[in-house]
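Here the structure is laid out as structure tokens; the discussion comes afterwards.
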């Protein structure tokens, strides 16, 4: 059997609690699962501590609520994750913008 | 991935969203930097989807519904019976709902719960309110969850502990004779295995 998921992640109970239905995680679109998985994977690899990401997520949700942004939970998660990676020097915003354009234009179609 | 269903059940492709493209770009950069692997992400997403939810418990219940011999073993020795299906790590007693008896599980002391079978407990399960009221006024609590039992139905309360966890075997919904075991498993919800819901037939479950 696979080890159980981390309680620290699954048991978040504040505004940052994972969206669930019947106890199961809800990913409305595939990208939501990808961004969730990437974040968990990098915390497992000790790129950052889960509570660091959690703090970013709480902050991002508070910001979005203040601004009245209609963004979804995982959109806010994505922003928080990008911000954390930038803070850690693990992600270059310009590189991400360029890579995103590559995917938009169809110049690139695979994540590898 | 971006296939969507419209009201008539047809499949059609939608243009990939801006967010989806951005997440793919991000994954490709992180993979390139060897900060993540796509396989690890696949594994984690599936582990969280499987283990956080009630899938294992639902399989146990569906097997008991289709296999009377398994059902008997499950009720006699829950721990051994779930091991037959590859699930374990918990001392388990399974309690069976019948037309005259409804079972309800609570942990009055803390939040003991059969995680290995039904995932992680919902927030209300851990609340002081549920822990105290489930014992004091179970019929009222059940009505609040949408389960209105006839006065003649006996309600049995099972207090989970660190040593022994309980799982409710809900009644198989009427009209499901033709369903396969896998289809039946989809009707088994987390709440029905705690006892705050009953398993619904497919039409009602889809609503």
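How would the stretch B:146-207 be classified by its alpha-carbon gyration tensor: rounded, prolate or oblate, with rounded meaning a/c under 1.5 and the a/b versus b/c comparison settling the rest? Oblate, because a/c is 1.5 or more while a/b does not exceed b/c.
Using DSSP, restrict attention to beta bridges with both residues in chain B and report what percent are antiparallel, rounded to the nearest 5.
Working: 4 of 15 bridges.
Looking only at bridges with both residues in chain B, the antiparallel portion is about 25 percent.
Comparing A:87, A:102, A:28 in a Gaussian network model of chain A where C-alpha atoms under 10 Å apart are linked, the largest mean-square fluctuation is found at A:102. Rounded to the nearest 10 degrees, the angle from helix A:93-105 to the longest Cα principal axis of chain A is 70 degrees. Compute the long axis of helix A:50-67 from its Cα atoms, compare it with the longest principal axis of the Cα atoms of chain A, and write down the angle in degrees, 0 to 90, nearest 10. On a 0 to 90 degree scale, this one is about 80. Each label point was placed 7 Å from the Cα along the Cα-to-Cβ direction; for residue A:6 and residue A:94 their separation is 3.2 nm. Using the empirical formula 2.2 N^0.38 Å as the baseline, the Cα radius of gyration of the stretch A:7-105 reaches a ratio of 1.10.
The label point for residue A:105 and the one for residue B:135, both projected 7 Å from the Cα toward the Cβ, are 6.8 nm apart. Ordering of B:137-150, B:62-75 by packing is B:62-75, B:137-150, highest average first (other Cβ atoms within 10 Å, averaged per residue). Compactness of chain B, taken as the C-alpha radius of gyration over 2.2 N^0.38 Å, stands at 1.22.
Distance from the Cα centroid of the stretch B:102-136 to that of the stretch B:149-189 is 15 Å (rounded to whole angstrom). Taken residue by residue and averaged, Cβ atoms of other chains lying within 10 Å of the Cβ of A:101-111 number 4. What translational diffusion coefficient, in µm²/s and rounded to a whole number, does the Stokes-Einstein relation yield for the protein assembly as shown at 20 °C and a viscosity of 1.002 mPa s, taking the hydrodynamic radius as the Kirkwood radius over Cα pairs? This corresponds to a translational diffusion coefficient of 98 µm²/s. Taking each DSSP H run with n ≥ 4 as -39500 (n - 2.57) and averaging over every residue of the protein assembly as shown yields -14500 deg cm²/dmol at 222 nm.
Within a 10 angstrom radius of each residue's Cβ in B:170-180, how many Cβ atoms of other chains show up on average? Whole number is fine.
Values: counts 0, 0, 0, 0, 0, 0, 0, 0, 0, 0, 0.
Partner-chain Cβ atoms within 10 Å, mean over residues of B:170-180: 0.
One quarter of the surface of the convex hull around the alpha-carbon atoms of the stretch B:42-135 equals 7.3 nm², the direction-averaged projected area. Placing pseudo-labels 7 Å out from each Cα toward the beta carbon at residue A:55 and residue A:13 gives an inter-label distance of 2.2 nm. Using only alpha carbons, the stretch A:61-112 has a radius of gyration to Kirkwood radius ratio (Rg to Rh) of 1.06. Between A:84, A:25, A:57, the GNM of chain A built on Cα springs shorter than 10 angstrom shows A:25 fluctuating the most.
Using a Gaussian network model of chain B in which every pair of alpha carbons under 10 angstrom is joined by a spring, one finds that among B:171, B:16, B:83 the greatest mean-square fluctuation is at B:16.
Taken together, the values in this text are just the output of simple stated rules run on the coordinates, not laboratory data. Everything numeric here is computed off the predicted structure, so don't read it as measured data. For neighbour counting, all protein chains shown are included, and Cβ atoms are generated from backbone atoms with ideal geometry for every residue, glycine included.
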